[in-house]
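Note sheet for the following structure.
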Amino acid sequence: MSDVDTSPLPLDAWHRGRGARMVPFAGYAMPIQYEGILAEHKWTRESAGLFDVSHMGQLVVAGPEAEKGLETLLPADLGILKDGRLRYSLLLAEDGGIVDDLMATRRGDHFYVVVNGATKQGDIAYLESRLPRGVVLDHMKEQALLALQGPKAVDALSRLVPGVEALGFMTGGAFQIGGTGAWISRSGYTGEDGFEISVPGAKVAEVADLLAAEPEVKPIGLGARDSLRLEAGLPLYGHDLDTGTTPVEADLTFAISKRRRGEGGFAGWHRIARELEEGPVRRRVGLAVDGRQPVREGAMVLDADGNEVGKVTSGGFSPMLEAPIAMAYVPVASAAAGSSVTLAQRGKLFQAKVVAMPFVPHRYHRKGAAG
């Protein structure tokens, strides 16, 4: 694949200098792998992987009406979100479809919102058209974003940033790393403990050098990022989530907070409330696939008569389970754990069973938890 029609990220030369294979993704040239997806995946599960996620959109939403305005579009209870706390949430359309999934953090007098790279321009336009006048939205184009993920991430980062180990899962704060100001949160999208580190793009190569010099840390590409999030049962926007999918169908009802379920007042509320009450027609599920060959996005889910009743939205081979796994949307009647389904891919049939997600247990660092 060529880098035609892609923009370079601040770490472009850094990746190439380390032998990364670059591919177009979300309008940027990005590293898909360095030494190999399998090795990078296992390294992250066992040690600490460094990911460049600077393609993500980092936004500041500020102004007296920011909280109220965001609550018209997100089903989160931002009123109870304490300073420095993050919340996974969903940007919703008027019909209840998912415009994007995102992370929202209260930072003093504003909200710091991280949205997906491929959707950020559309998200910004959507937010600007619907937030109240007086709410200021700033796209922090000058900021880069790194993710340090894995069980030894805290060991590596705490040497460079003393005190960062005190952060609990889904909390963040302002720190210094090698003399550079950074916003660091204990979060990520691999299912492992880890951190996301926002720093100025002009300084990100220095910060990446510091992190990569730690013995636990290796740079990791997009390929392993995808296999890690699939094992963790985490949906990917544009594949497992889209504007044709509601939070209830996507099995993301945890993102609809208790107060908001009762009060409503957010985009798509009426449809979502009906689905919460009556159940959706289909649901996102995890599948354990028989055999060794993975099924990929787009494979069909068939009923007993061979009719298509659903679709695989993510699929691959799990390096940790050494077996093929997938996510799919299936009719609710087939969504219970243990249900058998038939999949069709390129004229070949596969048998699969619905299993609970995550496929590989999450290992987030929750305060008060052992370890």
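The values are calculated or read from the model by the stated rules, or taken from the named source; none is laboratory data. Since this is a predicted model, take the numbers as computed values, not measurements. Using ideal geometry, Cβ is built from the backbone for each residue, glycine included, and neighbour counts are taken over all protein chains shown.
Please specify each residue of the range 227-242 satisfying the condition of being within 19 Å of residue 47 (Cβ to Cβ) and not polar (S, T, N, Q). Step through it out loud before you land on a result.
Just the residues of the range 227-242 that are within 19 Å of residue 47 (Cβ to Cβ), to begin with: 227-229, 231-232.
The answer is 228, 229, 231, 232.
Based on this model, can you work out whether residue 312 counts as crowded, with 22+ Cβ neighbours inside 10 Å, more than 22 Å from the chain's Cα centre (by Cα) and β-branched (Val, Ile, Thr)? If you could, list the steps in order and put the result at the bottom.
Details: crowded, with 22+ Cβ neighbours inside 10 Å: yes; more than 22 Å from the chain's Cα centre (by Cα): no; β-branched (Val, Ile, Thr): yes.
Judged against the criteria, residue 312 is not a match.
Can you find, within the range 151-162, the residue that is surrounded by the fewest Cβ atoms within 10 Å (Cβ to Cβ) among those that are without any contact (Cβ under 8 Å) to a residue 60 or more places away in the chain and over 24 Å from residue 104 (Cβ atoms)?
162
Rundown of residues vs (1) touching a residue at least 12 places away in the same chain (Cβ under 8 Å); (2) over 14 Å from the mean Cα position of the chain (by Cα); (3) surrounded by fewer than 22 Cβ atoms within 10 Å (Cβ to Cβ); (4) assigned to a strand (DSSP E or B), yes/no style:
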position: 67; (1), (2), (3), (4): yes, yes, yes, no
position: 70; (1), (2), (3), (4): yes, yes, no, no
position: 75; (1), (2), (3), (4): yes, yes, no, no
position: 79; (1), (2), (3), (4): yes, yes, yes, no
position: 82; (1), (2), (3), (4): yes, yes, yes, no
position: 90; (1), (2), (3), (4): yes, no, no, yes
position: 94; (1), (2), (3), (4): yes, yes, yes, no
position: 101; (1), (2), (3), (4): yes, no, no, yes
position: 118; (1), (2), (3), (4): yes, no, yes, no
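Please give the number of the condition residue 51 fails out of (1) farther than 17 Å from residue 207 by Cα; (2) touching a Ser or Thr at 6+ places or on another chain (Cβ under 9 Å); (3) aromatic (Phe, Trp, Tyr).
(1)
Find the residue count for the range 105-116, including only residues that are assigned to a loop (DSSP other than H, G, I, E, B) and either of a type in the set (A, V, I, L, M, F, W, C) or within 19 Å of residue 195 (Cα to Cα) (or both).
First, pick out the residues of the range 105-116 that are assigned to a loop (DSSP other than H, G, I, E, B): 108-109, 116.
From what's left, either of a type in the set (A, V, I, L, M, F, W, C) or within 19 Å of residue 195 (Cα to Cα) (or both): 116.
Looking only at that region, the number is 1.
Give me the pairs, please: first residue somewhere in the range 31-42 and surrounded by 15 or more Cβ atoms within 10 Å (Cβ to Cβ), second residue anywhere and in a strand (DSSP E or B), beta-carbon distance under 6 Å, and either six or more positions apart or on two chains.
Short answer, once both residue conditions are applied: 31/22; 32/21; 32/23; 33/21; 34/219.
In the range 314-371, which residues are assigned to a helix (DSSP H, G or I) and in contact (Cβ under 8 Å) with a residue 12 or more places away in the chain?
Restricting attention to the range 314-371, the residues satisfying the condition of being assigned to a helix (DSSP H, G or I) are 332-334.
Those that are assigned to a helix (DSSP H, G or I) and in contact (Cβ under 8 Å) with a residue 12 or more places away in the chain: 332, 334.
Suppose we filter 194, 188, 201 for residues that are within 19 Å of residue 39 (Cα to Cα) and either within 12 Å of the chain's Cα centre (by Cα) or not β-branched (Val, Ile, Thr) (or both); which single one remains? Let's see the steps before the verdict.
Numbers: 188 fails: within 19 Å of residue 39 (Cα to Cα); 201 fails: within 19 Å of residue 39 (Cα to Cα).
Testing whether each residue is within 19 Å of residue 39 (Cα to Cα) and either within 12 Å of the chain's Cα centre (by Cα) or not β-branched (Val, Ile, Thr) (or both) leaves just 194.
Across the range 1-30, what is the total count of residues that are buried (at least 18 other Cβ atoms within 10 Å of the Cβ), among the hydroxyl-bearing types (Ser, Thr, Tyr) and free of Cβ contacts under 8 Å to residues at least 60 places away in the same chain?
The number of residues fulfilling the criteria is 1.
Quick grid of which residues meet (1) crowded, with 23+ Cβ neighbours inside 10 Å; (2) touching a strand residue (DSSP E or B) at 6+ places or on another chain (Cβ under 9 Å):
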| site | (1), (2) |
| --- | --- |
| 196 | yes, yes |
| 201 | no, yes |
| 204 | yes, yes |
| 224 | yes, yes |
| 228 | yes, yes |
| 236 | no, yes |
| 254 | no, yes |
| 258 | no, no |
| 269 | no, yes |
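Can you name the residue in the range 246-301 that is of a type in the set (Val, Ile, Thr) and in a loop (DSSP other than H, G, I, E, B) and, of all such residues, is nearest to residue 76 (Cα to Cα)? Show your work before the answer.
Restricting attention to the range 246-301, the residues satisfying the condition of being of a type in the set (Val, Ile, Thr) are 246, 248, 253, 256, 272, 281, 285, 289, 295, 301.
Now narrow it down to the ones that are in a loop (DSSP other than H, G, I, E, B): 246, 248, 256, 281, 295.
Values: 246: 15, 248: 14, 256: 6, 281: 24, 295: 34 Å.
Checked the range 246-301; the qualifying residue nearest to residue 76 (Cα to Cα) is 256.
Quick check: anything in the range 221-233 closer than 25 Å to residue 71 by Cα, in contact (Cβ under 8 Å) with a residue 60 or more places away in the chain and of a type outside the set (Asp, Glu)? Step through it out loud before you land on a result.
First pass over the range 221-233, keeping only residues closer than 25 Å to residue 71 by Cα: none.
No, the range 221-233 contains no residue that is closer than 25 Å to residue 71 by Cα, in contact (Cβ under 8 Å) with a residue 60 or more places away in the chain and of a type outside the set (Asp, Glu).
Within the range 302-313, how many residues turn out to be in contact with a Phe, Trp or Tyr (Cβ under 8 Å, 6 or more places away or on another chain) and touching a residue at least 24 places away in the same chain (Cβ under 8 Å)? So that I can check it myself, show each step before the final result.
At the first step, the residues of the range 302-313 found to be in contact with a Phe, Trp or Tyr (Cβ under 8 Å, 6 or more places away or on another chain) are 310-311, 313.
Next, only the ones that are touching a residue at least 24 places away in the same chain (Cβ under 8 Å) stay: 310, 313.
Total satisfying the criteria: 2.
Check 65, 71, 40 and return the single one that is under 16 Å from residue 226 (Cα atoms) and among the acidic types (Asp, Glu).
Numbers: 65 fails: under 16 Å from residue 226 (Cα atoms); 71 fails: under 16 Å from residue 226 (Cα atoms).
It is 40.
Taking only the range 288-332 into account, find how many residues are on the phi < 0 side of the Ramachandran plot and either among the charged types (D, E, K, R) or at pLDDT below 95 (or both).
Number satisfying all stated conditions: 10.
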